[in-house]
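The values are calculated or read from the model by the stated rules, or taken from the named source; none is laboratory data. Just so you know, these numbers come straight off a predicted model, no measurement behind them. Ideal geometry is used to build each Cβ from the backbone, glycine not excepted, and the neighbour counts take in all protein chains shown.
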Amino acid sequence: MKNNILIFSGSAGSGKGTVLKRARELCPKLRLSISMTTRLPRPGEENGREYYFVTREEFLETLAQDGFLEHTEYCGNFYGTPKKQFFQMIEEGYVPVLEIETDGAEQVMRQLDRYLSVYLSPPSYTTLEARLRGRGTETEESIQNRLRTAKEEILRSELYENIILNFDGMAEEAALAIVELVEEGKTERSVLVRDRAAFLSDFQK
Ligand code: 5GP
């Protein structure tokens, strides 16, 4: 095991839920760090499984007690990684996975000297747009907003040591690349971005 912490981010439309789930099945040492959030649970979400759902007061109390490794405000809600659980996982020999957005990822990168960072992205702007339109339930304004946010996040992917592309129908390949990065420190798979400038230029238009 080369890496003992995985910072994992991806925009809307990257398919990060599917890929991360598969990577965890393939590599049981990966253990999801459960964040605290003030956003309301979505249908099907359970307290303590996807998140610890808390009030603003509870969140701010944990913050005041220096209980977060990192925290941020995203779309009007607070999110934070509880410190205690994170260090406990490392102590028990697991590899904590921080599935967080780019602002929190940057905070963690500043604090720790050893970590593996992976940004998962849709392979192109066209695919991103197709995925965000896929559900067909949102207004054009809301789609344009989500596209803009996703584009901004993807342009911050330069912070990450590794950028992996999630092509349609190739989530398995992306998951395998992540597992190889965790276990061997490298991957030869073609889903790993080698030409970053070419990748980014597609989202800079
Ligand atoms: P959602 O509300 O859709 O579950 O998550 C919104 C965003 O917050 C996602 O990009 C997710 O990765 C990020 N996120 C979830 N938990 C945390 C956390 O503890 N810290 C930070 N910085 N971001 C988080």
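Considering only residues of segment 156-180 that are in a loop (DSSP other than H, G, I, E, B) and touching a residue at least 60 places away in the same chain (Cβ under 8 Å), which is surrounded by the fewest Cβ atoms within 10 Å (Cβ to Cβ)? Can you show your working first?
Initial filter on segment 156-180 (in a loop (DSSP other than H, G, I, E, B)): 160-161, 166-170.
Keeping just the survivors that are touching a residue at least 60 places away in the same chain (Cβ under 8 Å) gives 160, 166.
Values: Tyr160: 21, Asn166: 25.
Within segment 156-180, the match that is surrounded by the fewest Cβ atoms within 10 Å (Cβ to Cβ) is Tyr160.
If you take just the helices (runs of 4 or more DSSP H) that sit entirely in segment 1-119, which of them hold at least 1 residues that are modelled with pLDDT of 95 or more, within 11 Å of the ligand (Cβ to nearest atom) and within 18 Å of the chain's Cα centre (by Cα)?
Values: elements: 16-26, 56-64, 83-91, 102-111.
By residue number, 16-26, 83-91, 102-111.
Pairs are defined by a Cβ separation below 6 Å, a sequence spacing of at least 6 or placement on different chains, a first member in segment 30-42 that is of a type outside the set (S, T, N, Q), and a second member that is assigned to a loop (DSSP other than H, G, I, E, B) and more than 10 Å from the ligand (Cβ to nearest atom); the pairs so defined are Arg31/Tyr94; Met36/Val54.
Taking the condition closer than 13 Å to Gly10 by Cα, within 16 Å of the ligand (Cβ to nearest atom), in a helix (DSSP H, G or I) and of a type in the set (Asp, Glu), does Glu152 pass? Steps first, please.
Details: closer than 13 Å to Gly10 by Cα: yes; within 16 Å of the ligand (Cβ to nearest atom): yes; in a helix (DSSP H, G or I): yes; of a type in the set (Asp, Glu): yes.
Criteria met by Glu152.
When Gly13 is tested against (1) out of contact with any strand residue (DSSP E or B) (no Cβ under 6 Å at 6 or more places or on another chain); (2) outside the structural domain of Val118 (by TED's automatic domain parsing); (3) of a type outside the set (S, T, N, Q); (4) buried (at least 20 other Cβ atoms within 10 Å of the Cβ), just one condition goes unmet, and that condition is (2). Across segment 181-205, the number of residues qualifying as crowded, with 18+ Cβ neighbours inside 10 Å and within 18 Å of Cys27 (Cα to Cα) comes to 3.
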